[in-house]
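Each remark here refers to the structure printed beneath this line.
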Amino acid sequence: MKISILFLMLILPFCLFAQEINKADALVSAKFAQREITVGGENADVSEFTNQSIQFAIDAISKTGGIVKLNPGIYNIVAPVQLKSNVKLIGSGKATVLKRGVGVQTKYIVDADFGELKLSVENSDGFEIGMKVQVTDDGNSGCWNVSTAYISDIVDNIIYIDKGLIRDYRSDKNGLISNASSVIEVIDAENASVSNLTADGNRAENYFADGCNSAGILILRSKKITVDNVHVKDFNGEGISWQITENVTIKNSEISGSGNTGLHPGTGSPFSVIENNDVHHNDHDGLFICWRVYQSRVVGNKFHNNGRFGICTGHKDTDVIFEANHIFENKSDGINLRGERESNAPHRNTFVKNIIENNGTGGDGYGFSINSRARDLLLKENIFKNSAKTQKAAIYIYPNGSTPKLENNQFDKYELGEMVFEK
């Protein structure tokens with residue numbers, strides 16, 4: 001088919017015009033990709049050192065995506081900073097500190113019912129509009145039984161909230177409302193990151209926060225989230241918790257002094273990467289891998305001086321590689337495979353080139369304990385050190401535990417032996 005010169009003369013300008021439009025779009029996109037808002041100080045775009053100032057910047061840039069850069073300083077966190085999709089929150093290193101304000105708590109004096117949007121309390125002093133709160137009683141005080149919401153109004157001793165309660169709560173069963181909540185939250189977001197800052201939970205002045213709903217950094221129902229070079233310290237709850245997520249990466253970070261677990265992936269969080277972190281002196285486990293964390297990697301971390309296990313894994317936590325970690329001086333087991341029915345056990349996990357050293361400092365612990373019939377469990381080229389004589393056995397297998405496949409591991413001497421089966 002021949003194309004006439006006249007047709008080419010007519011169509012060519014339109015093609016060139018379309019190319020110019022595409023070039024302009026690309027330039028605009030590139031400009032937006034480099035967009036940055038600074039926070040903190042007289043020369044910043046947003047000058048105040050508060051969670052409100054950080055949130056203003058995040059909200060302003062969230063439509064196009066970009067960077068919120070936090071200058072050095074101490075930022076007063078009254079309510080969680082809420083990260084949005086396609087936003088990078090970047091601090092200026094250790095000198096950028098997001099510090100939780102003072103905690104406040106009171107009892108509610110009338111039962112707080114499912115779906116209710118207000119609470120009648122003993123004393124509303126210290127609560128503020130915009131704070132995030134958690135509501136509990138003795139029967140509903142953990143994980144998905146805890147209600148969280150933001151305060152929308154306060155009138156005398158009535159606190160109004162923006163989201164209905166998820167349980168019936170009893171005022172006569174130690175019914176409590178507090179402002180216990182996260183420092184940073186990533187909820188219903190994608191392609192976002194937090195880096196180069198300190199999240200200070202100010203544990204001494206705050207009430208305990210539930211780990212499925214709050215953490216130093218909480219990631220919930222989100223994908224492709226990265227936490228890099230962040231110190232989460234002294235949070236009265238869990239250091240970093242990610243629930244109902246995919247492709248979350250926690251790397252090059254320090255998590256210390258938490259009132260619960262240091263790292264807590266769970267509730268279906270596949271494709272997690274936990275790499276090159278220092279997780280220590282947390283009240284519970286260093287790493288508690290909860291339910292359905294599969295096809296994930298735990299590489300090059302240090303888990304030490306934690307209040308129970310260095311690493312704990314269990315329910316459907318399958319196909320995870322644990323490589324080149326140093327697990328030492330935890331109060332109980334270095335690594336613990338929780339008790340699960342065989343159908344739900346942590347199958348096909350591989351532990352390779354880890355150093356498991358001097359755990360059991362609390363007087364009762366092993367290097368590696370197995371409590372479930374985990375199939376295809378491989379321990380390869382690990383070093384079990386016991387210079388302090390605190391690990392009673394290198395590997396301890398409970399009656400319901402499976403026997404791992406061992407390849408080229410190294411063992412110090414142990415009171416009970418290298419691999420012991422409980423009778």
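The values are calculated or read from the model by the stated rules, or taken from the named source; none is laboratory data. Fair warning: this is a prediction, and the values are worked out from it, not measured in the lab. Cβ coordinates were reconstructed from backbone atoms using ideal geometry, including for glycine residues, and neighbour counts include every protein chain displayed.
Apart from one condition, Phe303 fits all of (1) in contact (Cβ under 8 Å) with a residue 40 or more places away in the chain; (2) outside any loop (DSSP other than H, G, I, E, B); (3) in contact with a Ser or Thr (Cβ under 6 Å, 6 or more places away or on another chain); the exception is (3).
Quick one: in region 52-110, of everything that is on the phi > 0 side of the Ramachandran plot and not in a loop (DSSP other than H, G, I, E, B), which residue is surrounded by the fewest Cβ atoms within 10 Å (Cβ to Cβ)? Talk me through it step by step, then tell me what you get.
Initially, region 52-110 is screened for residues on the phi > 0 side of the Ramachandran plot, giving 65-66, 73, 86, 93.
If we keep only those that are not in a loop (DSSP other than H, G, I, E, B) too, we end up with 66, 73.
Details: Gly66: 21, Gly73: 17.
For region 52-110, the residue satisfying everything is Gly73.
If only residues of region 111-140 that are part of a strand (DSSP E or B) and of a type in the set (Ser, Thr, Tyr) are counted, the one that is surrounded by the fewest Cβ atoms within 10 Å (Cβ to Cβ) is Ser120.
Could you list, in sequence order, all residues of region 120-157 that are under 29 Å from Ile54 (Cα atoms), in contact (Cβ under 8 Å) with a residue 40 or more places away in the chain and among the aliphatic types (A, V, I, L, M)? Within region 120-157, Met131, Val133, Val135, Val146 meet the criteria. Within region 141-155, the set of residues being surrounded by fewer than 15 Cβ atoms within 10 Å (Cβ to Cβ) and either at pLDDT 95 or above or in the same structural domain as Gly211 (by TED's automatic domain parsing) (or both) comprises Ser152, Asp153, Val155.
Give the residues of region 212-266 that are part of a loop (DSSP other than H, G, I, E, B), under 18 Å from Asp285 (Cβ atoms) and either modelled with pLDDT under 95 or in contact with a Pro (Cβ under 9 Å, 6 or more places away or on another chain) (or both), sorted by residue number.
Cys212, Ser214
A Cβ distance below 6 Å, combined with a sequence gap of six or more or placement on separate chains, defines the contacts here; from region 398-417, residues that are within 20 Å of Phe351 (Cα to Cα) and in contact (Cβ under 8 Å) with a residue 24 or more places away in the chain reach residues that are assigned to a loop (DSSP other than H, G, I, E, B) and of a type outside the set (A, V, I, L, M) in the pairs Tyr398/Asn371; Tyr398/Glu422; Gly401/Asn371; Ser402/Arg373; Asn408/Glu381; Asn409/Asn382; Asp412/Asn386.
Taken over region 306-332, residues that are within 15 Å of Ser372 (Cα to Cα) and either part of a loop (DSSP other than H, G, I, E, B) or free of Cβ contacts under 8 Å to residues at least 12 places away in the same chain (or both) amount to 5.
Of the residues making up region 202-234, just one is hydrophobic (A, V, I, L, M, F, W, C), crowded, with 22+ Cβ neighbours inside 10 Å and over 12 Å from the mean Cα position of the chain (by Cα), namely Ala209.
Looking only at region 235-271, how many residues end up being among the charged types (D, E, K, R) and crowded, with 24+ Cβ neighbours inside 10 Å? Lay out the reasoning, then the answer.
In the first step, residues of region 235-271 are kept if they are among the charged types (D, E, K, R); the result is 238, 246, 251, 254.
Right, trim to crowded, with 24+ Cβ neighbours inside 10 Å and you get 238.
Total satisfying the criteria: 1.
Within region 378-398, restricting attention to residues that are in a loop (DSSP other than H, G, I, E, B) and touching a Phe, Trp or Tyr at 6+ places or on another chain (Cβ under 8 Å), the residue that is nearest to Asn330 (Cα to Cα) is Gln391.
When you go through Arg373, Arg338 one by one, which is the residue that is touching a helix residue (DSSP H, G or I) at 6+ places or on another chain (Cβ under 7 Å) and at pLDDT 95 or above? Don't jump to the end; show me each part of the working.
On the way: Arg338 fails: touching a helix residue (DSSP H, G or I) at 6+ places or on another chain (Cβ under 7 Å).
When all the criteria are applied, what remains is Arg373.
Taking the listed residues Ile395, Ile327, Ile356, the one that is under 25 Å from Thr267 (Cα atoms) and crowded, with 18+ Cβ neighbours inside 10 Å is Ile327, with no other qualifying. Against the criterion of being closer than 12 Å to Leu337 by Cβ and either surrounded by fewer than 21 Cβ atoms within 10 Å (Cβ to Cβ) or hydrophobic (A, V, I, L, M, F, W, C) (or both), Tyr414 does not qualify.
Restricting attention to region 161-185, which residues are among the basic types (Lys, Arg) and either closer than 23 Å to Val81 by Cα or not in a loop (DSSP other than H, G, I, E, B) (or both)? Steps first, please.
Residues of region 161-185 that are among the basic types (Lys, Arg), as a first pass: 163, 167, 170, 173.
The one that is among the basic types (Lys, Arg) and either closer than 23 Å to Val81 by Cα or not in a loop (DSSP other than H, G, I, E, B) (or both): Lys163.
In a residue-by-residue description of region 360-369, the property of being of a type outside the set (Ser, Thr, Tyr), assigned to a loop (DSSP other than H, G, I, E, B), in contact (Cβ under 8 Å) with a residue 12 or more places away in the chain and closer than 29 Å to Asn247 by Cβ applies to no position. Does any residue in region 177-192 that is within 15 Å of Val230 (Cα to Cα) come within less than 8 Å, Cβ to Cβ, of a residue that is of a type in the set (Phe, Trp, Tyr) and modelled with pLDDT of 95 or more six or more places away or on a different chain, and which pairs are these? Every condition considered, the pairs that remain are Val183/Phe235.
Scan region 281-293 and give yes if some residue there is in a strand (DSSP E or B) and under 21 Å from the mean Cα position of the chain (by Cα), otherwise no. Checking region 281-293: at least one residue is in a strand (DSSP E or B) and under 21 Å from the mean Cα position of the chain (by Cα). For the residues Thr64, Thr106, the requirement of being in contact with a helix residue (DSSP H, G or I) (Cβ under 6 Å, 6 or more places away or on another chain) and either without any contact (Cβ under 8 Å) to a residue 24 or more places away in the chain or among the hydroxyl-bearing types (Ser, Thr, Tyr) (or both) singles out Thr64.
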